[in-house]
There are 6 protein chains.
Amino acid sequence: MNERFQRGAARQAELGGPGGIRGRVYGQLADIAPDLHRFAVEFAYGDIHSRPGLDAGRRELVIIGALIALGDTRPQLEAHLGSALNAGVTPGEIVEAVLQALPYAGFPRVLSAMTVARGVLAARDLLPLTDSIAQ
Amino acid sequence: MNERFQRGAARQAELGGPGGIRGRVYGQLADIAPDLHRFAVEFAYGDIHSRPGLDAGRRELVIIGALIALGDTRPQLEAHLGSALNAGVTPGEIVEAVLQALPYAGFPRVLSAMTVARGVLAARDLLPLTDSIAQ
Amino acid sequence: MNERFQRGAARQAELGGPGGIRGRVYGQLADIAPDLHRFAVEFAYGDIHSRPGLDAGRRELVIIGALIALGDTRPQLEAHLGSALNAGVTPGEIVEAVLQALPYAGFPRVLSAMTVARGVLAARDLLPLTDSIAQ
Amino acid sequence: MNERFQRGAARQAELGGPGGIRGRVYGQLADIAPDLHRFAVEFAYGDIHSRPGLDAGRRELVIIGALIALGDTRPQLEAHLGSALNAGVTPGEIVEAVLQALPYAGFPRVLSAMTVARGVLAARDLLPLTDSIAQ
Amino acid sequence: MNERFQRGAARQAELGGPGGIRGRVYGQLADIAPDLHRFAVEFAYGDIHSRPGLDAGRRELVIIGALIALGDTRPQLEAHLGSALNAGVTPGEIVEAVLQALPYAGFPRVLSAMTVARGVLAARDLLPLTDSIAQ
Amino acid sequence: MNERFQRGAARQAELGGPGGIRGRVYGQLADIAPDLHRFAVEFAYGDIHSRPGLDAGRRELVIIGALIALGDTRPQLEAHLGSALNAGVTPGEIVEAVLQALPYAGFPRVLSAMTVARGVLAARDLLPLTDSIAQ
């Protein structure tokens, strides 16, 4: 367990906990590509996400924008919408962030993403929204 | 000039000013598709960007994430990196936001985007960075 | 109900009816982002689709080309293939339109889209085709 | 010269002429990949574009939708906007077709495409538009 | 059965056999677009894949890279990972090839692809890997 | 200079040399995001490209497939086509690899990539090809 892994694992723990979606997805790949999990922890979280200079919630907003635009990223979007909530982004801000991608990524991408957001918020009993104009 | 256009134009003015990149790009299309400019002002800015519930700087972070992932969006990225600065995102936060897309959108997209960011920051005499660990 | 919404809802009704796929998908988001449905009706249908200068069927051909190329747009493709039929595009023309994307978007995208088209045509008892050389 | 090549070359000639953009682009590749040109003629035009069941103008609308959504397709978009005009799509219909991609492919893609359309129409002295509400 | 079809069908048979994924997917489209299957055999396999100058396994590596980057290509990825194995690419090389896309296409695409690779290798009793450092 | 950086820099040196395209592109970003260069060396080359289990030339074929499909990756494609040559992929194999992406990524992407390949091969006086059926 090197320093990068430790830093990344600590960041992941803050953002989602070991029982989260990330753990399940990578756990299924332990017998084929364990290094893929290690790279995610060390690089995506240890090198990038835990850098100073931008807080965790704002980092998740960038990631959410990128995942919506990429398309075909449902499991990652589910994980990162949860992480954004854990980092203090409010449910209403989540909805606004997804809507903000609309002029750039178009209706199909945003409609899919909002459906994922609905599932994430419903699973945490955060619907209907109470903090947003979105209603 | 309807209410949506007025609200959108006001938001655009806050984010970039009438002499900015947006004005030039859309101005060139005035003789072929003036409604495209109107839709950008009314819909992208009047309906979406000016919604309450998420501040302008955070909206720009979502947009930056989406534009990096889409690719082939250099003029828009240039405009929105400038808007992010105008909305109070610091130069160091801009650099971190671009780096944060790396694990999701990959090196080619981030390398292109960082080159655009360099141009935007240099044009405002904001390089070298003074507020970021990125150095 | 503003004029844009009324115009968009009328266009949607012509293209698919209130019991169609669009209604179901957006209906599920009523408790999280009702404005997303409103934006689709007002902007996508009221501002754009109902413009004069290009008939509804030809508009659907542009949309079908875009959705195939984007990928990860199955529900939208299903809705718009149905709208194309409702706008007078024949089943054989639908098949030809999907095939026409092949040299530009490649086999994976077109194969997925043709599978969706098969479902849409079969649900309306329009298979086997009777108007096309495609057979 | 097999039958597929002859059919494809005839279709290309209808759509753009031997001195067009297509000829130049592929001509530059004659010393590295002459078969790429042959595949374009035989497959894209001889097998697909010249099929019965959908007229040439409607085929170009599908292609334009796909090219806008793909991004990074400026030379192809330039060629196909010209082909659409040659196939009888009016300048106003061209503008409407590009706008119709907006809710699905987003502002950056449509803004780039409209800039290309402007160049194609201006080169043929077709601006300002005289047949469209777009003005 | 022309020469191109025969050559393509022979190549497909080498790569996956008539009972494979390809047969099933295209078989379902026989009543709507039989020519799509013919184009895949004649063009993708008869014209391109069976060209001399690059061996079948290396061709599959290019295809795997392209499919991962495209996204939303699960059935094709499943077919081509199987083809790669049939062409002599080892299970460990498959895993390495998927990992090699990581810096360019990002974690979401590679995570999806590795999940598909896991299924393909498990179905052939090739897990755990015995030939790779990936463990 | 940690071990990952050293390993990555050694791999990069094998593939392109310090005066290559990579050095120039990243060098221009030294005053804004020096860590981006470090991440490329450490992660893309030190962690991934230098792994055992797949030779350098085959790794470049996966990368070339991914870059073609992504689009808007001209500088990277230029660098990696050069790396492929340096890793022993022959000019004829390069041309075949680019053509092999055609059925999956479509003509626009492959046409752009072949134009880049032409430039790379011409700069090394490798045209016309002498080892390939492509002629």
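Values for this structure:
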{"item": "Members of the stretch A:14-29 found to be modelled with pLDDT under 90 and either closer than 16 Å to F:ARG51 by Cβ or part of a helix (DSSP H, G or I) (or both), listed by number", "result": "A:ILE21, A:ARG22, A:GLY23, A:ARG24, A:VAL25, A:TYR26, A:GLY27"}
{"item": "Test for F:ARG38: is it part of a helix (DSSP H, G or I) and open to solvent by 40 Å² or more (accessible area, probe 1.4 Å)", "result": "yes"}
{"item": "Filtered residues of the stretch B:78-92 (kept if within 11 Å of chain A (Cβ to nearest Cβ) and touching a residue at least 40 places away in the same chain (Cβ under 8 Å))", "result": "B:THR90, B:PRO91, B:GLY92"}
{"item": "Members of the stretch F:116-128 that are open to solvent by less than 50 Å² (accessible area, probe 1.4 Å) and more than 7 Å from chain D (Cβ to nearest Cβ)", "result": "F:VAL116, F:GLY119, F:VAL120, F:ALA122"}
{"item": "Yes/no for E:GLY23 being in contact with a Ser or Thr (Cβ under 8 Å, 6 or more places away or on another chain), more than 8 Å from chain F (Cβ to nearest Cβ) and open to solvent by 20 Å² or more (accessible area, probe 1.4 Å)", "result": "no"}
{"item": "Among (1) facing another protein chain (nearest Cβ under 7 Å); (2) within 16 Å of the chain's Cα centre (by Cα); (3) farther than 22 Å from D:GLY92 by Cβ, the one test that C:ILE64 misses", "result": "(3)"}
{"item": "Selected residue [buried (at least 23 other Cβ atoms within 10 Å of the Cβ), out of contact with any strand residue (DSSP E or B) (no Cβ under 7 Å at 6 or more places or on another chain) and not in a helix (DSSP H, G or I)] from B:ILE68, B:ILE32, B:ILE64", "result": "B:ILE32"}
{"item": "Those residues of the stretch B:83-99 which are over 14 Å from A:ASP55 (Cβ atoms), open to solvent by 10 Å² or more (accessible area, probe 1.4 Å) and part of a helix (DSSP H, G or I), in sequence order", "result": "B:LEU85, B:ASN86, B:PRO91"}
{"item": "Filter result for E:ARG11 (in contact with a Ser or Thr (Cβ under 7 Å, 6 or more places away or on another chain), more than 10 Å from chain F (Cβ to nearest Cβ) and either in a helix (DSSP H, G or I) or crowded, with 18+ Cβ neighbours inside 10 Å (or both))", "result": "yes"}
{"item": "Only listed residue being among the charged types (D, E, K, R) and under 14 Å from the mean Cα position of the chain (by Cα), chosen from F:ARG109, F:ARG74, F:ARG124", "result": "F:ARG74"}
{"item": "Residues that are over 30 Å from B:GLU60 (Cα atoms) and of a type in the set (Asp, Glu), drawn from the stretch A:1-60", "result": "A:GLU3, A:ASP31, A:ASP35"}
{"item": "Test result for E:PHE39, of a type in the set (Phe, Trp, Tyr), at the interface with another protein chain (Cβ under 7 Å from one of its Cβ atoms), touching a Phe, Trp or Tyr at 6+ places or on another chain (Cβ under 7 Å) and under 23 Å from C:LEU99 (Cα atoms)", "result": "no"}
{"item": "Cross-chain or 6+ apart pairs with Cβ under 7 Å, the stretch D:33-59 first and of a type in the set (Phe, Trp, Tyr), then surrounded by fewer than 22 Cβ atoms within 10 Å (Cβ to Cβ) and not in a helix (DSSP H, G or I)", "result": "none"}
{"item": "F:VAL95 among the aliphatic types (A, V, I, L, M), touching a residue at least 12 places away in the same chain (Cβ under 8 Å) and more than 29 Å from B:VAL116 (Cα to Cα)", "result": "yes"}
{"item": "Within the stretch F:46-61, tally of residues that are under 26 Å from F:ALA117 (Cα atoms), open to solvent by 10 Å² or more (accessible area, probe 1.4 Å) and assigned to a helix (DSSP H, G or I)", "result": "2"}
{"item": "Residues being among the hydrophobic types (A, V, I, L, M, F, W, C) and closer than 19 Å to A:PRO103 by Cα - total across the stretch C:44-63", "result": "4"}
{"item": "Residue within the stretch D:127-135 that is hydroxyl-bearing (Ser, Thr, Tyr) and either over 30 Å from D:ASN2 (Cα atoms) or in the same structural domain as D:ASN2 (by TED's automatic domain parsing) (or both) present", "result": "yes"}
{"item": "Members of the stretch F:42-55 found to be facing chain E (nearest Cβ under 10 Å) and of a type outside the set (Val, Ile, Thr), listed by number", "result": "F:PHE43, F:ALA44, F:TYR45, F:ASP47, F:HIS49, F:ARG51, F:PRO52, F:GLY53, F:LEU54, F:ASP55"}
{"item": "Test: residue in the stretch A:100-107 that is at the interface with chain B (Cβ under 7 Å from one of its Cβ atoms), assigned to a loop (DSSP other than H, G, I, E, B) and touching a Gly at 6+ places or on another chain (Cβ under 7 Å)", "result": "yes"}
{"item": "Boolean, E:GLY71 is touching a helix residue (DSSP H, G or I) at 6+ places or on another chain (Cβ under 6 Å), within 11 Å of chain F (Cβ to nearest Cβ) and either of a type in the set (Val, Ile, Thr) or more than 19 Å from E:ARG22 (Cα to Cα) (or both)", "result": "no"}
{"item": "Verdict on C:VAL110 being free of Cβ contacts under 8 Å to residues at least 60 places away in the same chain, outside the structural domain of C:GLY23 (by TED's automatic domain parsing), among the hydrophobic types (A, V, I, L, M, F, W, C) and in a helix (DSSP H, G or I)", "result": "yes"}
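The values are calculated or read from the model by the stated rules, or taken from the named source; none is laboratory data. As the structure is a computational prediction, the values presented were derived from the model and not from experiment. As a convention, Cβ positions derive from the backbone with ideal geometry for all residues, glycine included, and neighbour counts pool all protein chains shown. These area figures cover heavy atoms from the full protein model, side chains too; ligands, DNA and RNA do not enter into them. Shrake-Rupley method; radii C 1.70, N 1.55, O 1.52, S 1.80 Å.
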